[in-house]
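Worksheet for the structure shown next.
The values are calculated or read from the model by the stated rules, or taken from the named source; none is laboratory data. Since this is a predicted model, take the numbers as computed values, not measurements. Every residue, glycine among them, receives a Cβ derived from its backbone with ideal geometry; neighbour counts consider all protein chains shown. What goes into the accessible areas is simple: the full protein's heavy atoms, side chains included, and nothing from ligands, DNA or RNA. Shrake-Rupley method; radii C 1.70, N 1.55, O 1.52, S 1.80 Å.
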Amino acid sequence: QTQKDIARNLGQLVLDRHTIYLYADVLDSPDVCWENPEVDPLYKLVGNFLELSPRVDLLNKRVEVVRELLSLLSDELKSKHASRLEEIIIYLIALEIVLNLIKDIVPLVWETVAQSVKHQGKAAV
């Protein structure tokens, strides 16, 4: 996956987590329980029977694990990108060294060749 895909997944995970929290209010007593206190024990009994609280906790833990995994993947991609940039910088420095060597060596070689031609010309006369 690319960094953009991971960011999209993290954003979707945040949206899903907020949706879960919106629907996780099943752990709170609804208005009907406040209006009719005799219904509240029944609501809590049904909540305990359906194991709502442990299920919400488990869901939150799973969402957190997915978030951590996406975060690790994002960090890995950032590290790979940084390594690639370092390699590019090293290649550019090497290229600059080679170009400077060529710039310094070519005039010396040209001068040596010119002197050699002069010597050969004098020897032929």
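The table below lists the values:
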item	result
Residue list for segment 72-108, restricted to those being open to solvent by less than 90 Å² (accessible area, probe 1.4 Å) and in contact (Cβ under 8 Å) with a residue 12 or more places away in the chain	Leu73, Ser74, Leu77
Residue within segment 55-63 that is open to solvent by 100 Å² or more (accessible area, probe 1.4 Å) and over 39 Å from the mean Cα position of the chain (by Cα) present	no
Selection status of Ile6, at pLDDT below 85, within 24 Å of His81 (Cα to Cα) and either open to solvent by less than 90 Å² (accessible area, probe 1.4 Å) or not in a helix (DSSP H, G or I) (or both)	yes
Residue tally, condition over 30 Å from Ala7 (Cα atoms), in contact with a helix residue (DSSP H, G or I) (Cβ under 6 Å, 6 or more places away or on another chain) and among the charged types (D, E, K, R), over segment 48-105	0
